[in-house]
Amino acid sequence: PTSFPCSRATNSNFAAAAGEMDSRGFDSTGREFSSATEMWAQEIGATASASASASEVPPGAAAPSNGDAGEEAGGEGKREEWYSKGIAYWQGVEASTEGVLGGYGCVNDADVKGSAAFLRPLLAERFGAVKRHLVALDCGSGIGRVTKNFLIKHFNEVDLVEPVAHFLEAARENLSSCMDVGHDTHKAANFYCIPLQDFTPEEGRYDVIWIQWCIGQLTDDDFISFFNRAKVGLKPDGFFVLKENIAKNGFVLDKEDNSVTRSDAYFRELFNKCGLYIHSIKVCISQNIKFSQTTNFSFHLSAT
Ligand SMILES: C[S@@+](CC[C@H](N)C(=O)[O-])C[C@H]1O[C@@H](n2cnc3c(N)ncnc32)[C@H](O)[C@@H]1O
C-alpha cells in the first residue's frame with residue numbers, strides 16, 4: 001500500500017481539469033515512466049491504458065479479465081502475474097487492522113469517522129424519507145474492518161468480497177453475530193472469496209457499493225469493466241463510494257503489492273470511460289508516509 005491518511009478530514013472543492021493532467025508516474029524503486037501506457041506495457045504487456053483505448057464493456061457483460069485490451073505478446077501471462085503478485089503480497093500479511101492498513105492501524109478511527117461523516121448525509125438525502133431495508137457491498141473488504149466499524153451500523157445487510165481467504169475467514173469471525181440497531185437487525189450476509197476483476201454482483205441488490213483501498217490492484221481495463229458490471233448490481237437509486245489515495249500527479253506504482261495510486265485526473269478519465277458521474281468528493285489530507293505526496297479522497301459516484 002502506498003500510504004494511508006493520517007489526519008483530519010476536510011470538505012473541499014477540488015479542481016483538476018483533465019487538460020492539466022501530468023501523466024508521468026514513477027514506481028517505488030524510483031523509476032520514472034513518461035505515461036501510464038508505458039507503465040502498463042511494462043507490467044502487463046498492454047498497449048492500452050485509460051489515456052489510450054481501454055476497452056468499454058457494456059453493463060452486465062461477463063468479467064473479461066482476459067487481457068483483450070490491445071495487449072502485446074505475453075499479455076495474458078503478464079496480467080496473471082500482475083494479479084498473482086498482488087495476491088501473494090496480501091497472503092503474507094497478518095489478518096489484523098494493522099496488517100490491512102500496511103502498519104498504519106493508527107488511521108482506523110479517523111478513517112471510520114470520516115467515512116461516517118461522508119455517508120450519513122448521502123443516505124439521508126437519497127433514502128431518508130422512507131424506511132427501507134438497506135444493503136451494501138464492501139469491496140476488497142480484507143478482514144471486514146470497514147463493515148464492522150461502520151457499514152454494518154448503517155445497512156441491514158452487508159456482503160463482503162475479498163480474494164484473500166485468510167482475510168475473509170477473519171471477517172467471517174469478526175462479523176459472526178448480528179447487531180441490533182433500534183428494532184432492526186443488521187448482519188453480514190454473504191462472503192465472496194473472489195477478486196474484483198472476476199466478480200459480478202447480483203443484479204439490483206445494492207443501495208451502496210463501497211470500494212476502499214483496493215481499486216489500485218486493478219488494471220485500467222479491469223477497473224472499467226468492474227464498474228460497468230457493478231452498476232448493474234445497484235438498485236435504481238443506488239450509488240458507489242470509492243475511497244482511495246490519490247497521487248499528486250500521474251500515478252505511483254507500488255512494486256511491493258502491485259498496486260497503482262492514481263491521480264485525480266487519472267480517476268476522472270476512468271470514471272468517464274465507465275459512464276460514472278461524480279456527485280461529491282471529500283478530501284482527507286494525508287501525511288507523506290511512503291513514496292509520494294498522496295491525499296485520500298472519497299468519491300460519491302453514480303451512473304445517473
Ligand atoms: C489496503 S487493504 C484494504 C482492506 C479494506 N478495504 C480496508 O480498508 O480495511 C487492500 C485489500 O485489497 C485486497 N485485494 C488485493 N487484490 C485485490 C483484487 N484484485 N480485488 C479485490 N481486492 C483485492 C487485499 O487482499 C486487501 O484485503
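No lab work stands behind these numbers, since they all come straight from the coordinates. Since this is a predicted model, take the numbers as computed values, not measurements. A quick note on method: Cβ atoms are made from the backbone with ideal geometry, for glycine too, and the neighbour counts reach across all protein chains shown.
Across the stretch 73-210, Cα pairs under 8 Å and at least six residues apart give a relative contact order of 23 percent. Calculated FRET efficiency, Asp22 and His183, Cβ-Cβ r, R0 51 Å, to nearest 0.05? Step by step, r from the Cβ atoms, then E = 0.45. Taking 0.36 nm per residue of separation and subtracting the Cα-Cα distance, full extension of the segment from Glu203 to Glu173 would add 8.1 nm.
3J(HN,Hα) couplings calculated from phi for the stretch 201-209 with the Karplus curve 6.51 cos²θ - 1.76 cosθ + 1.60 (θ = phi - 60°) are, in sequence order, x, 5, 4, x, 8, 10, 7, 9, 10 Hz; Gly and Pro show x.
A Cα-only calculation for the stretch 23-302 places Rg and Dmax at 18.0, 58 Å.
Across the alpha-carbon set of the stretch 108-158, the Rg to Rh ratio works out to 0.97, Rh being the Kirkwood radius. Label point of His133 set 7 angstrom out along Cα-Cβ; within the stretch 194-212, amide nitrogens under 20 Å from it belong to 201-210.
For a Förster distance of 45 Å, can you work out the FRET efficiency between the beta-carbons of Lys255 and Glu125, rounded to the nearest 0.05? Each step should come with its number before you reach the end.
Details: r = 41 Å, r/R0 = 0.91.
Efficiency for this residue pair is about 0.65.
A cut-off under 12 angstrom between Cβ atoms defines the neighbours of Asp184, and their net charge, with Lys, Arg +1 and Asp, Glu -1, is +2.
Among Lys113/Lys235; Lys187/Lys243; Lys85/Lys187; Lys248/Lys282, which pairs are too far apart, with a Cα-Cα distance over 24 Å? Can you show the working numbers first?
On the way: Lys113/Lys235 26 Å; Lys187/Lys243 22 Å; Lys85/Lys187 33 Å; Lys248/Lys282 16 Å.
Long pairs (Cα-Cα over 24 Å): Lys113/Lys235; Lys85/Lys187.
Using only Cα atoms, what is the ratio of the radius of gyration of the stretch 173-304 to 2.2 N^0.38 Å? Each step should come with its number before you reach the end.
Working: Rg = 16.1 Å, N = 132, 2.2 N^0.38 = 14.1 Å.
Cα-based Rg divided by the globular estimate yields 1.14.
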